[in-house]
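**Q** Submitted below is the structure of interest, expressed as structure tokens.
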Amino acid sequence: MKFSMQEFGPEYFETLNQSWDLYCEPIYYNQTAHRKAAIFIPKKVGKPLREVTDIGMWVSGGIDSAMTTYLLCKMIKDNNLPVTFHPFSSRRGRPWNPMYAMDVTDFIREELDLSYQQMAEHVVYYPDESLGSDYIEIDIFAEKDTLHFKENIVQIMYSGVTANPPIDDKTISRNKERTRDDEEIKKLFWESETRSFINCFSNTNKKIMKTLYDKFNLIDNLFPITRSCEGSDYETGNYTYPCEKCWWCEERNWAFGRYG
Ligand SMILES: [Zn+2]
């Protein structure tokens, strides 16, 4: 099974290799003609080519990382792949992160009946808060990625991050995170000699997630245990319900028609 670049176009890829032998049929989702997502697991990455046996992802407890975890684990399970999925979380300024993220992976393990060979133990990092907010919010992820690649704990890190809503959509206000804007095509696959990243949904927005939660009957069980809200403790009953005011709540309601 070879990955067909014709499905996308070279602008979606920044890699050393021009074609990849895959473990099984890739899964494509088209949001529009130009907005496509892909789930795929190459057999080898890097240069020299290294065998892919372990893949990982930062699981935040949000909608996107939960669905991407589900799809990758389902792919491993359904095809009996010799690949282990490693969920990672970090306790950031958002103290609920690991809490919700663990609920998400516990649910997926049970729902798909995954062994620890298929989904490894969920690893949670607790960065020292005295190292400052840049470290806790950004640097720790890069630092741990470097470590995970170096020690060959994973050969690929996946991400489920979606793009912002279309800028001409007047039904939702604009998010300040410009890096998620959907104006230009973003790479799905980054590959250097030592590290590889696959960003499955970076060219599609949250509405594709609604389609997928519906498709896999996860709207009444997985969706409610995910969390998008960035409201403060006093706005959210100590992170037990959404504030319904922050932009992330707005986006959740925009895509799913509900907050919780
Ligand atoms: Zn909120």
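**Q** With respect to Phe107, is the statement that it is part of a helix (DSSP H, G or I), in contact with a Phe, Trp or Tyr (Cβ under 7 Å, 6 or more places away or on another chain), touching a residue at least 60 places away in the same chain (Cβ under 8 Å) and under 27 Å from Thr204 (Cβ atoms) true?
**A** No: the conditions fail for Phe107.
The rows are residues; the columns are (1) of a type in the set (S, T, N, Q); (2) within 10 Å of the ligand (Cβ to nearest atom); (3) at pLDDT 95 or above; (4) in contact with a Ser or Thr (Cβ under 9 Å, 6 or more places away or on another chain).
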position	(1), (2), (3), (4)
Ile219	no, no, yes, no
Ile225	no, no, no, no
Gly231	no, yes, no, no
Tyr234	no, no, no, no
Gly237	no, no, no, no
Glu244	no, yes, no, no
Trp248	no, yes, no, yes
Tyr259	no, yes, no, yes
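**Q** Scan the stretch 148-195 for residues that are among the aliphatic types (A, V, I, L, M) and farther than 16 Å from Trp58 by Cβ and jot them down.
**A** Ala163, Ile167, Ile172, Ile185, Leu188
**Q** Out of curiosity, is Ile76 in the same structural domain as Leu112 (by TED's automatic domain parsing) and under 30 Å from Glu129 (Cβ atoms)?
**A** no
**Q** Let me ask something additional. What are the residues in the stretch 72-102 that are within 22 Å of Glu251 (Cα to Cα) and touching a residue at least 60 places away in the same chain (Cβ under 8 Å), if any?
**A** Residues satisfying the conditions are Arg94, Pro95, Trp96, Met99, Tyr100.
**Q** List the strands (runs of 3 or more DSSP E) inside the stretch 1-82, counting only whole elements, that have at least 2 residues being modelled with pLDDT of 95 or more. Spell out the reasoning first.
**A** Values: elements: 27-30, 36-39, 54-58.
Of the strands (runs of 3 or more DSSP E) lying wholly inside the stretch 1-82, those with at least 2 residues that are modelled with pLDDT of 95 or more span 54-58.
**Q** Moving to a separate point now. Considering the stretch 110-129 alone, what residues qualify as being under 25 Å from Cys229 (Cβ atoms) and either part of a helix (DSSP H, G or I) or at pLDDT below 95 (or both)?
**A** Passing the criteria: Glu110, Glu111, Val124, Tyr125, Tyr126, Pro127, Glu129.
**Q** A further question follows. Has the stretch 90-99 got any residue that is more than 30 Å from Arg50 (Cα to Cα), loosely packed, with under 15 Cβ neighbours inside 10 Å, in the same structural domain as Tyr23 (by TED's automatic domain parsing) and touching an Asp or Glu at 6+ places or on another chain (Cβ under 9 Å)?
**A** Let us first name the residues in the stretch 90-99 that are more than 30 Å from Arg50 (Cα to Cα), namely 91-99.
Next cut, loosely packed, with under 15 Cβ neighbours inside 10 Å only: 93, 95.
Retained after the next criterion (residues that are in the same structural domain as Tyr23 (by TED's automatic domain parsing)): 93, 95.
With the extra rule that they be touching an Asp or Glu at 6+ places or on another chain (Cβ under 9 Å), the set shrinks to 93, 95.
Looking through the stretch 90-99, at least one residue is more than 30 Å from Arg50 (Cα to Cα), loosely packed, with under 15 Cβ neighbours inside 10 Å, in the same structural domain as Tyr23 (by TED's automatic domain parsing) and touching an Asp or Glu at 6+ places or on another chain (Cβ under 9 Å).
**Q** Another one. Could you check the stretch 130-247 for strands (runs of 3 or more DSSP E) lying wholly inside it with 1 or more residues that are farther than 25 Å from Met102 by Cβ and assigned by TED's automatic domain parsing to the domain that holds Ala120?
**A** Numbers: elements: 156-159, 189-191, 196-199.
Strands (runs of 3 or more DSSP E) meeting the threshold: 189-191, 196-199.
**Q** What is the one condition in (1) away from the ligand (no atom under 16 Å from the Cβ); (2) modelled with pLDDT under 85; (3) under 24 Å from Ser89 (Cα atoms) that Arg174 does not satisfy?
**A** All conditions are met except number (3).
**Q** Sticking with this one: Scan (1) closer than 25 Å to Gly260 by Cβ; (2) within 14 Å of the chain's Cα centre (by Cα); (3) not hydroxyl-bearing (Ser, Thr, Tyr) for the single condition Asn203 breaks and write down its number.
**A** Answer for Asn203: the failing condition is (1).
The values are calculated or read from the model by the stated rules, or taken from the named source; none is laboratory data. Not measured: the values here are computed from a predicted model. Here Cβ is always computed from backbone atoms with ideal geometry, including for glycine, and neighbour counts include all displayed protein chains.
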